[in-house]
Amino acid sequence: MIIVIANQKGGVGKTTTAVTIATGMAELGYPTVLVDADSQGNAAQFLGLDPRPDLYRLIIQERPAAEVVQRVEDYPLLGVVAGNADTLEIEDALSRGRRLHTATALRQALARFGSKTAIIVDTAPSLSNIQVSALNAADWLIVPAIPEYAAETGVAALVQTVAVLQEAGGGINLLGVLPTMVDSRSKEHAETIAKWQARFPGLVLPAVRRLIAFGKAPGAGEPIWDYAPNAAEDYADVMAAILPRLSRQLQRQAVRP
Ligand SMILES: Nc1ncnc2c1ncn2[C@@H]1O[C@H](COP(=O)(O)OP(=O)(O)OP(=O)(O)O)[C@@H](O)[C@H]1O
Ligand SMILES: [Mg+2]
C-alpha cells in the first residue's frame, strides 16, 4: 500500500509529514518503508541516516529490496530507502524512456516490498518524471500545504491530477489535504482552511501547528514523536484520521517481539 506525499511547492512540510507518518505507522505495528524520491535526500537526513544505499540502487541497479533499506534505531518495523544526487539519474532514465517507463517504474520497484507493507513516499518540490511515476504508483495521496491564499492553485492542481489519473485507470485516491505550519491567530490560515473544507469535504486533515520543535527535530536526527511528544500530538490526530481508511490494506504485527 503506497502513500505519496506531494506538493510542487517547496518547504510546506512534505518531508516532515513523510518521516512522521512513517515512524508513527511503524510504532503502531505496521511494517513500513519510507522511500525518498527527492534528490535533496532530506528524509534519511531527518532520521540521522546515511544518503546510501538509495533509490537509485533499487530502480536502476535493480538490487533486492532488503539491500537498499536502512534500519532505524528504536523502530524495528521501519526501513528507509534514501534519496541523493543519484536520484537525478533515475529522472534521466525516465525521460529517455527506453528501459524505464514513468507510468510503471516506481510501482514495479516498490512492489518488491510486498503489498501489505505501508510504503510512504516523500517527493521533491517539482513536477518531475519521478514525481509523476510516484503518483502513478500511489494508492493514496497526501497534500501538505500551508493554508495561505496563494496555496490554493497548487492544491487544486494536485487534486485535479488525481482525477486525471483516476480517469486513466490509476488506483490513486486523495487521502487528504494537510494544513501545515498553521498559526491559530492567522485570519488567512483560518479562511483558507475553511475554503478547503468547503471544496474538499471530509478530506481536510487535522491541522499541524507551526511549532519551533518541528524545525529543530531534524537537526537532532529524531522523529518528532521522540524529540517533542507535545508537538507530535498534532500528527497523532492526523494518524487517527487516516488510519481507519488504511488499516484494511495492511497487516499489523507486534512491534517488539
Ligand atoms: N509544523 C511545522 N512547524 C514549524 N516548522 C516546520 C513544521 N513542519 C516542518 N517544519 C520545518 O520547515 C522546514 C521545511 O519543512 P520540510 O522539509 O518538511 O518541507 P518540504 O515540503 O519537505 O520541503 P522541500 O520542498 O524542500 O522538500 C524544515 O526545516 C522543517 O523542519
Ligand atoms: Mg522535502
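FYI, it's all coordinate maths here, none of it is from the lab. Note that the structure is predicted; figures quoted are calculated from it, not measured. Cβ atoms come from the backbone with ideal geometry, glycine included; neighbour counts cover every protein chain shown.
Numerical summary
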read-out: At most 15 other Cβ within 10 Å, DSSP loop - trypsin sites (Lys or Arg not before Pro), region 185-257; value: Arg185, Arg252
read-out: Trypsin sites (Lys or Arg not before Pro) restricted to DSSP loop in region 96-174 with at most 14 other C-beta within 10 Å; value: Arg98, Arg99, Lys116
read-out: Gain in span if fully extended, Glu73 to Ala198, counting 0.36 nm per residue against the direct Cα distance; value: 40.8 nm
read-out: Rg and Dmax of the chain, Cα atoms only, in Å; value: 17.1, 52
read-out: Region 44-98-region 146-166 distance, computed between alpha-carbon centres (Å); value: 28 Å
read-out: Within region 1-96: Cβ-based charge dipole about Cα centre, in debye rounded to nearest 20 (Lys, Arg +1; Asp, Glu -1); value: 200 debye
read-out: Ellipticity estimate at 222 nm from DSSP helix runs (n ≥ 4, -39,500 (n - 2.57)) divided over the chain, nearest 500; value: -12500 deg cm²/dmol
read-out: Antiparallel %, DSSP beta bridges [both residues in the chain], to 5; value: 10 percent
read-out: Helix runs (DSSP H) in the chain reaching 20 Å along axis by Cα, Kyte-Doolittle at least -0.5; value: 152-167, 229-246
read-out: Cβ-placed point charges (K, R +1; D, E -1), dipole of region 2-249 about Cα centre in debye, nearest 20; value: 520 debye
read-out: Descending principal axes extents, region 69-146, alpha-carbon based, whole Å; value: 40, 34, 25
read-out: Approximate spin-label separation Gln166-Ala240, in nm, with each point projected 7 Å along Cα-to-Cβ; value: 2.8 nm
